[in-house]
Amino acid sequence: HWHGIRQLRTGWSDGPEFVTQCPIRPGKSYTYRFTVAAQEGTLWWHAHSSWLRATVYGALVIRPRDAVPYPFDFHGEIAPIMLGEWWDMNPTDVIRIATRTGAAPNISDALTMNGQPGDLYTCSSQDTTVFAVKSGVTNLLRFINAALNTELFVSLAGHNMTVVGADASYTKPYTTSVIVLGPGQTTDVLVTFDQPPGRYYLAARAYASAQGVPFDNTTTTAIFDYGASSMASPAMPTLPAYNDTATVTAFTTSLSNLHAVELPSAVDEDLFFTVGVGLLNCSAAQNCGGPNRTRFAASMNNVSFVLPSTVSLLQAHYQGDAAGPPLNHLHGYNF
């Protein structure tokens, strides 16, 4: 899945299994063809079959055309910073167990930056991601939240960040000490490395405001190094509390488009959606894993979505009987 690409008239290249195509079989290949239009900045790609995207993902950077300048000034660019989650088991098995028992999936065992949890975890202290930087240089940093289920606070010790883009769209510059990324979101920031030479932690941890719901409360780190001794202890930023909704609100409401955006036409229709998670009763023989031996059931407008198993929704929509029943007659495949 080419996450965030608008796929104008190229739905067959969007990627989600059984939605726009059937999965690519092991050992086989599929060529994606699409045009990127009116988008610049940072997006990403990931596997879109079950929970494979927990570990199969990468950055997708869209730069301006040749001779077209960025709408901001900077001297260099750091490699994209991908935030993720790690389970001490096959992530596909995590969701299979949850689906079979009706329980919530196990929370991740660690958060990661570019595949490494960082040196606050004893198992990975020797493999922390390190970025070398030079004093006085302003660098462009591209953040991508590839975590499945976790919203994240991100902060760099001793440095402010100026947000200049989000999800492949430029934004009005906004300076902050902490950014917030939901799963799948990207944010581009400028950082001027103007502090005394040393080592500075980039740290990320969860924003989780729901009461009584377990979450991964660990902290992942990378290090920005001005050329100090590797023995120097990095400075740690002050991250917001896990449930600091005020900081999240302040950040999101400070984001605005670089240019005015006009609606193409008058809005004459309202859509109302209710999205929730309910509980279904189970028989004694089922021994379900949800609260009081129930099953969790997500729904939209009180209908749960069930993936088809033999034909994709897009194929059924366009080909009708050739691929199976028309989309509006697919039993159980409701939105």
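We did not get these values from a lab; they are worked out from the coordinates using the rules stated. Quick caveat, the model's predicted, so the values are computed rather than measured. Cβ: placed from backbone, ideal geometry, glycine included. Neighbour counts: every protein chain shown.
Averaging Cα coordinates gives a centre for region 184-224 and one for region 122-161; these two points are 6 Å apart. Think of it this way: in the chain, Cys22, Cys123 stand alone, with no other Cys Cβ under 4.7 Å. With a Förster radius of 35 Å, plug the Cβ-Cβ distance of Ala285 and Arg25 into 1/(1 + (r/R0)^6) and report the FRET value to the nearest 0.05. Between Ala285 and Arg25 the formula returns 0.50.
Using the alpha carbons alone, the radius of gyration of the chain stands to its Kirkwood radius in an Rg to Rh ratio of 0.99.
Please state, as a whole number in µm²/s, the translational diffusion coefficient that the Stokes-Einstein equation yields for region 70-254 at 37 °C and 0.692 mPa s, with Rh defined as the Kirkwood radius across alpha carbon pairs. Taking Rh from Cα pairs, D becomes 191 µm²/s. What nm distance separates the two modelled labels at Ala38 and Tyr174, each placed 7 Å from Cα along Cα→Cβ? In this crude label model, Ala38 to Tyr174 measures out at 2.2 nm.
Sparse packing (at most 12 other Cβ atoms within 10 Å of the Cβ) combined with a DSSP loop state is found for the following trypsin sites (Lys or Arg not before Pro) in region 1-101: Arg9, Lys28, Arg33, Arg65. Against the chain, whose longest principal axis is taken from its Cα atoms, helix 91-101 shows a tilt of about 40°.
Its DSSP H runs of at least 4 residues, each contributing -39,500 (n - 2.57), put the calculated 222 nm mean residue ellipticity of the chain at -2000 deg cm²/dmol, to the nearest 500.
For region 19-74, a Kirkwood radius taken over Cα pairs fed into Stokes-Einstein (4 °C, viscosity 1.567 mPa s) yields D = 90 µm²/s. Taking GluC sites (Glu not before Pro) as exposed when DSSP calls them loop (any state but H, G, I, E, B) and at most 13 other Cβ atoms lie within 10 Å, what is the longest stretch of the chain free of them, the sites themselves excluded? Longest stretch, sites excluded: 1-261. Reported to the nearest whole Å, the Cα centre-to-centre distance from region 22-99 to region 256-326 is 23.
Karplus-derived 3J(HN,Hα) values for region 170-180, using 6.51 cos²θ - 1.76 cosθ + 1.60 with θ = phi - 60°, are 6, 10, 5, x, 9, 9, 8, 8, 8, 10, 10 Hz; glycine and proline are entered as x.
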